[in-house]
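Here is the structure we will look at.
The values are calculated or read from the model by the stated rules, or taken from the named source; none is laboratory data. Computed from a predicted model, the values in this text were never measured in an experiment. Please note: Cβ atoms are built from the backbone with ideal geometry, for glycine as well, and neighbour counts cover all protein chains shown. Heads up: the accessible areas ignore ligands, DNA and RNA and are worked out on the full protein's heavy atoms, side chains in. Shrake-Rupley method; radii C 1.70, N 1.55, O 1.52, S 1.80 Å.
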2 protein chains.
Amino acid sequence: MGIKERKELEKQEMRRLILDTAMKLFLEKGLENVTIRHIAEKIEYSPATIYLYFKDKDDIIYTLHREGFEQLYKLQQTTLSIRDPLERLRKQGEVYVSFAMENPEYYDLMFIMRGPVKKIKEMKEWDIGFRSFEFLRQNIKECMEAGLFPEANIDIATFSLWSYAHGIVSLIIRDRCTMFPEDKIRNIVDEALDFMLGTMFDNKVEIKS
Amino acid sequence: MGIKERKELEKQEMRRLILDTAMKLFLEKGLENVTIRHIAEKIEYSPATIYLYFKDKDDIIYTLHREGFEQLYKLQQTTLSIRDPLERLRKQGEVYVSFAMENPEYYDLMFIMRGPVKKIKEMKEWDIGFRSFEFLRQNIKECMEAGLFPEANIDIATFSLWSYAHGIVSLIIRDRCTMFPEDKIRNIVDEALDFMLGTMFDNKVEIKS
DNA sequence: TTAATTAACTTAACAGTGTTCAGTTAATGA
DNA sequence: TCATTAACTGAACACTGTTAAGTTAATTAA
């Protein structure tokens, strides 16, 4: 049965081609300016062909959304090499923010766009995003248990730190930071991250000493 | 010249009618599901008529964007009655978050949607949003001068606090908080705000005592 | 009062969107 | 060799924002 397998492989390759082309166009033209017809034209197929590989446009976006979370989770796991949980937490913040700044279109469809959420609710597939949340939560829990983190409800604390990082990058991705010069923005992001973690943890140390 | 004035008045009334209808539909159907044709149908005019009062769809959204900032600024100013700058800052956070939670469509077009930004860049009209940023900045400056706030670059601190509040509400508005039950969300928002302000300021006191 | 002008509005279209369905090829299996 | 299946497309549908030409109605000037 070599043929069936080959067919399946070709099907996967075609899906890959569509996804890669879609993402390339998203990067070039911005998320909202890419149409099914553009993608079709780029891969030199008829628009209708795309619907043989994906249910609809949101299905393409949803798939990229999943792959984005896959990437992000892998990045998050690189922090596991750090022993000190607070250091690891800081690194997680950096990793998250870097991911967003380097892949703004991925970040947008993962955390800002409305499209993918519809699909997720239809399919009841929260687990991918949930896993990343849980990873952060676990890190915060460790910090608390080590007395490095203010005692509080863990869910609230996790949501809070996530919100903070998300706030920074989403204001920039959606272009609400025009009060800062373009070329300083990357610096400001890093400083904002330092500021928040600094005010949360370092001032304790300062006062102790 | 009573007639010219009346005409002008009627023109303004028509603009108002379009804006109010648009906003009502936004609230009903969500921002992305409202079309010019819907608005036109609701006010019982032809779609083309709307283009006699607004340049294009983004112009409508941009105008609502402006009005949203007007509202927000007024709300911000209600905090001026509070003497203690740190208390006032906390209140500002509450006011901001409340505004977002009670007017999610306004918040969305003010701080998330891409549309209005295009218009703002065309017209180079940053001042409305800038004013609110400046107001927060001033409050933080006062806190710093009173020694109530960790010493830091004011711009970074302002951006940071704004980011934090924005992060919380935008994750909820764009439906990324499905790990929390719907009916708990309003509480979680408040607790997250408390958590952040708490870790930033209160733990100083705790350690001293 | 009547004719010319202007304003308010609509009709009908254009180009573009996501999506579907009937039809056409080409590859496969009996 | 022939029937079946898979891959693909052309042409359409129902939408979208937007505009140009045409039609009324209100206003102004004679």
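B:PHE159: of a type in the set (Phe, Trp, Tyr) and open to solvent by less than 10 Å² (accessible area, probe 1.4 Å), yes or no? Explain how you work it out, then say what you get.
On the way: of a type in the set (Phe, Trp, Tyr): yes; open to solvent by less than 10 Å² (accessible area, probe 1.4 Å): yes.
Against the criterion (of a type in the set (Phe, Trp, Tyr) and open to solvent by less than 10 Å² (accessible area, probe 1.4 Å)), B:PHE159 qualifies.
If we scan the range A:74-93, do we find a residue that is within 11 Å of DNA strand C (Cβ to nearest atom) and among the hydrophobic types (A, V, I, L, M, F, W, C)?
Pass one, the range A:74-93, residues within 11 Å of DNA strand C (Cβ to nearest atom): none.
No: the range A:74-93 contains no residue that is within 11 Å of DNA strand C (Cβ to nearest atom) and among the hydrophobic types (A, V, I, L, M, F, W, C).
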Subset of the range A:132-158, residues under 15 Å from the mean Cα position of the chain (by Cα) and either at the interface with another protein chain (Cβ under 7 Å from one of its Cβ atoms) or modelled with pLDDT under 95 (or both), comes to A:PHE133
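Which residues, taken from the range B:165-192, are touching a residue at least 12 places away in the same chain (Cβ under 8 Å) and under 17 Å from the mean Cα position of the chain (by Cα)? Let's see the steps before the verdict.
Let us first name the residues in the range B:165-192 that are touching a residue at least 12 places away in the same chain (Cβ under 8 Å), namely B:165-166, B:168-170, B:172-174, B:185-186, B:189-190, B:192.
Listed by number, the residues that qualify are B:ALA165, B:HIS166, B:ILE168, B:VAL169, B:SER170, B:ILE172, B:ILE173, B:ARG174, B:VAL189.
In the range A:118-130, what residues are under 20 Å from A:THR158 (Cβ atoms) and surrounded by 13 or more Cβ atoms within 10 Å (Cβ to Cβ)?
Of the residues in the range A:118-130, the ones under 20 Å from A:THR158 (Cβ atoms) are A:120, A:126-130.
Within the range A:118-130, A:ILE120, A:TRP126, A:ILE128, A:GLY129, A:PHE130 meet the criteria.
Search the range A:179-198 for residues being touching a helix residue (DSSP H, G or I) at 6+ places or on another chain (Cβ under 8 Å) and outside any helix (DSSP H, G or I), and hand back the single one that is least open to solvent (accessible area, probe 1.4 Å). Quick ask: steps written out before the conclusion?
Start the filter on the range A:179-198 by keeping residues that are touching a helix residue (DSSP H, G or I) at 6+ places or on another chain (Cβ under 8 Å), which leaves A:179-180, A:185-186, A:188-193, A:195-197.
Next, from what is left, pick out any that are outside any helix (DSSP H, G or I): A:179-180.
Working: A:MET179: 46, A:PHE180: 24 Å².
Residue satisfying both the conditions and the ranking: A:PHE180.
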In this structure, does A:GLU5 turn out to be more than 28 Å from A:ILE112 (Cα to Cα) and more than 11 Å from DNA strand D (Cβ to nearest atom)?
yes
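Going through the range B:10-41 one residue at a time, which ones are more than 22 Å from B:PRO116 (Cβ to Cβ) and more than 12 Å from DNA strand D (Cβ to nearest atom)? Steps first, please.
If we filter the range B:10-41 for residues that are more than 22 Å from B:PRO116 (Cβ to Cβ), which is where we start, we get B:10-11, B:13, B:41.
B:LYS11, B:GLU13, listed by residue number.
Yes/no per residue for (1) at pLDDT 95 or above; (2) part of a helix (DSSP H, G or I); (3) surrounded by 12 or more Cβ atoms within 10 Å (Cβ to Cβ):
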residue	(1), (2), (3)
B:LEU9	no, yes, no
B:GLN12	no, yes, no
B:LEU17	yes, yes, yes
B:MET23	yes, yes, yes
B:ARG37	yes, yes, no
B:LEU64	yes, yes, yes
B:LEU72	yes, yes, yes
B:LEU75	yes, yes, yes
B:LEU86	no, yes, yes
Filtering the range A:35-63 down to residues that are hydrophobic (A, V, I, L, M, F, W, C) and either near DNA strand C (Cβ under 7 Å from one of its atoms) or in contact (Cβ under 8 Å) with a residue 60 or more places away in the chain (or both) yields A:ILE36, A:ALA48
A:LYS118 meets each of (1) at pLDDT 90 or above; (2) closer than 28 Å to B:ASN33 by Cα; (3) not aliphatic (A, V, I, L, M) with one exception, condition (1)
